[in-house]
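K.L.:
One structure is given below, represented as structure tokens, and several questions about it will come after.
The values are calculated or read from the model by the stated rules, or taken from the named source; none is laboratory data. Computed from a predicted structure; not experimentally measured. Glycine also receives a Cβ, built like all others from the backbone with ideal geometry; neighbour counts cover every protein chain displayed. When the accessible area is computed, the model is the full protein with side chains, heavy atoms only, and any ligands, DNA or RNA have been set aside. Shrake-Rupley method; radii C 1.70, N 1.55, O 1.52, S 1.80 Å.
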Amino acid sequence: MKILITNRKMSSRWGSELYVRDLAIELLRRGHRPMVYCSELGAVADELLNATVPVSDDLTTFGVRPDVIHGQHHLVAMSALAYYGDVPMVGVSHGWRPWPEQPVLHPNVTRYVAVDEAVRDRLTLQHGVPDERVVVVPNFVDLDRFQLVAEPGPTPRRMLLFSNYVSEGSPYLKAAREAAGTIGAHLDVVGDKMGTSTPNPEKLLGEYDLVLAQGRSALEAIAAGATVMVGSSRAFGPLVRSDNVEHLRRLNFGIRAQTLPATSATILDQITGYDPSDAAAVTNWVRANTGVTQAVDALVDVYQAAVDTLASELPDALESAHAMGTFLSGVTRDVNNLETEVWDLRPRAARSDRDTKNLTMVQGERNSLRQELAETRKRLKTAELDLGRTRTRAHHQQKRLDALMGSRAVRAQHRVRSAPLLKGSYRAALNLLGRS
């Protein structure tokens, strides 16, 4: 089967990009012919090209008509659907909130895939997709890549915050640092916004006792053997245990699982249930039930159902045109709203720019003053050393003077000079010697 997969970008190592990479490579391994269309190429596109999967940001470069479109991210998905007007599409959505995850509503889209229950409800309850056309295919993990290597210790001494969404100053990061400090654990942070993203997380996860993660990242950490607590940049979820792992997997370790406040107290409360033996049971369940093979089995079935349905229910051309017009109207409205928001933010951005320049100037002046203060302190220290040495010499001179004044010769001289009968003769002698 020739399968065209769409995704907004293939440049950064974020969730949907890595999902596409792993899916395409597994499809290729099974003898299918995957292709990937995106609007921005990059590092992950290069990985796929090295694996002999075609990737392009130009639909005209693909030399064959796909049998089905796996449509992720509505703008590129609709672009592919407009280009291949008679090809069925499976609309795939990964998130409750993101704008690009809105479904493509078009008669060629005969099946939809949601990665969890929250996304299923977004499709059906918020956008009106019929329930019978939606299949939940949960996220998966490449078990060959993420080997069982971690051996959590009796207490969590090494912690990892594993998320592309966490940035410096976020409550999530602050809470993790505070909790790690409280229990005396070492904390590392791996993520794009922190500048610590890695192309090989499978080489890191085995080094940690406790990992804070969500979505596929949580699955990968569990598969590697670590204890996992659900967390995002917004809120926390529970520690993953053998009695809740199936439920949390249905929620994709995602937004509906993240109901706890992002505080250090939440982390400390959850890790009271830290148990390496239970973590091993969780890992065994994940490795038995969440591999890429099971997920791709389900997706291939959905692809075939979409192909069969469109073959028996050819869409009306006018209906397709109306769907395209409705889509473009909605996108235009969204873009106009975004443009208004950007326009409204311009004065604030200008003020921020001025504030940034002023801050830079103040920081420069502060640094100059700090340098001057350091030099002044250095000179003061040198002066204090000189003063100390001078005082020491003066003290020694005073001791010598006191010793001299107390000598017999000086006392005898003082008696001679003080005697009335000898005073005149003493002065005459001094004059004669030239010492008066």
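K.L.:
Filter segment 220-253 for residues that are surrounded by fewer than 24 Cβ atoms within 10 Å (Cβ to Cβ), in contact (Cβ under 8 Å) with a residue 60 or more places away in the chain and farther than 18 Å from residue 177 by Cβ and give the result.
P.N.:
Listed by number, the residues that qualify are 249, 250, 251.
K.L.:
Ok, one more. What do you reckon, is residue 115 β-branched (Val, Ile, Thr), more than 24 Å from the chain's Cα centre (by Cα) and surrounded by 15 or more Cβ atoms within 10 Å (Cβ to Cβ)? Spell out how you get there, then give the answer.
P.N.:
Working: β-branched (Val, Ile, Thr): yes; more than 24 Å from the chain's Cα centre (by Cα): no; surrounded by 15 or more Cβ atoms within 10 Å (Cβ to Cβ): yes.
So residue 115 fails the test.
K.L.:
Step by step: first the residues of segment 266-279, then only those that are in contact (Cβ under 8 Å) with a residue 60 or more places away in the chain and either closer than 28 Å to residue 95 by Cβ or not aromatic (Phe, Trp, Tyr) (or both), then the one that is surrounded by the fewest Cβ atoms within 10 Å (Cβ to Cβ). Which residue is that? Before the answer, list the steps.
P.N.:
Quick first cut of segment 266-279, residues in contact (Cβ under 8 Å) with a residue 60 or more places away in the chain only: 266-268, 271, 274, 276, 279.
Restricting the remaining residues to those that are either closer than 28 Å to residue 95 by Cβ or not aromatic (Phe, Trp, Tyr) (or both) gives 266-268, 271, 276, 279.
Details: 266: 19, 267: 26, 268: 14, 271: 20, 276: 16, 279: 24.
So the residue we want is 268.
K.L.:
Right, something else. Looking at 64, 76, 44, which is the one that is open to solvent by less than 60 Å² (accessible area, probe 1.4 Å) and in contact with a helix residue (DSSP H, G or I) (Cβ under 7 Å, 6 or more places away or on another chain)?
P.N.:
44
K.L.:
Tell me, which helices (runs of 4 or more DSSP H) lie completely within segment 240-298 with 2 or more residues that are among the polar types (S, T, N, Q)? Steps first, please.
P.N.:
Numbers: elements: 245-250, 264-270, 276-289.
Hits in segment 240-298: 264-270, 276-289.
K.L.:
Among the residues of segment 332-353, is there at least one that is within 30 Å of residue 80 (Cα to Cα), touching a helix residue (DSSP H, G or I) at 6+ places or on another chain (Cβ under 8 Å) and either of a type outside the set (Val, Ile, Thr) or modelled with pLDDT of 80 or more (or both)? Before the answer, list the steps.
P.N.:
Filtering segment 332-353 down to residues within 30 Å of residue 80 (Cα to Cα) leaves 332-342.
Keeping just the survivors that are touching a helix residue (DSSP H, G or I) at 6+ places or on another chain (Cβ under 8 Å) gives 334.
Of the ones still in play, those that are also either of a type outside the set (Val, Ile, Thr) or modelled with pLDDT of 80 or more (or both) are 334.
Within segment 332-353, one or more residues are within 30 Å of residue 80 (Cα to Cα), touching a helix residue (DSSP H, G or I) at 6+ places or on another chain (Cβ under 8 Å) and either of a type outside the set (Val, Ile, Thr) or modelled with pLDDT of 80 or more (or both).
K.L.:
Working carefully through the options 193, 203, find the one that is open to solvent by 50 Å² or more (accessible area, probe 1.4 Å) and within 19 Å of residue 151 (Cβ to Cβ).
P.N.:
Values: 193 fails: within 19 Å of residue 151 (Cβ to Cβ).
The conditions single out 203.
K.L.:
Using beta carbons and a limit of 8 Å, which pairs, at least six apart or on different chains, have the first residue in segment 315-334 and among the acidic types (Asp, Glu) and the second one open to solvent by 40 Å² or more (accessible area, probe 1.4 Å)?
P.N.:
334/99
K.L.:
Would you pick out the residues in segment 1-32 that are open to solvent by less than 30 Å² (accessible area, probe 1.4 Å) and aromatic (Phe, Trp, Tyr)? Break it down into steps so the answer makes sense when it comes.
P.N.:
So the first thing to find is which residues in segment 1-32 are open to solvent by less than 30 Å² (accessible area, probe 1.4 Å), and the list is 3-7, 10-11, 16-17, 19-24, 26-27.
Result: 19, single match.
K.L.:
List the helices (runs of 4 or more DSSP H) that sit entirely inside segment 1-86 and contain at least 2 residues that are free of Cβ contacts under 8 Å to residues at least 24 places away in the same chain.
P.N.:
Numbers: elements: 15-29, 43-50, 74-83.
So the answer is 43-50.
K.L.:
May I ask you to list pairs of residues, at least six apart or on different chains, whose Cβ atoms are under 8 Å apart, with the first in segment 143-154 being under 10 Å from residue 287 (Cα atoms) and the second being of a type outside the set (Lys, Arg) and open to solvent by 30 Å² or more (accessible area, probe 1.4 Å)?
P.N.:
These pairs meet every condition: 146/202; 147/202.
K.L.:
Here's a check for you: in segment 178-206, which residue that is at pLDDT below 90, assigned to a helix (DSSP H, G or I) and touching a strand residue (DSSP E or B) at 6+ places or on another chain (Cβ under 9 Å) is nearest to residue 22 (Cα to Cα)?
P.N.:
Restricting to residues being at pLDDT below 90, assigned to a helix (DSSP H, G or I) and touching a strand residue (DSSP E or B) at 6+ places or on another chain (Cβ under 9 Å), the top hit is 201.
K.L.:
Could you tell me whether segment 27-34 includes any residue that is within 30 Å of the chain's Cα centre (by Cα), closer than 28 Å to residue 193 by Cβ and of a type outside the set (Ser, Thr, Tyr)?
P.N.:
Within segment 27-34, none of the residues are within 30 Å of the chain's Cα centre (by Cα), closer than 28 Å to residue 193 by Cβ and of a type outside the set (Ser, Thr, Tyr).
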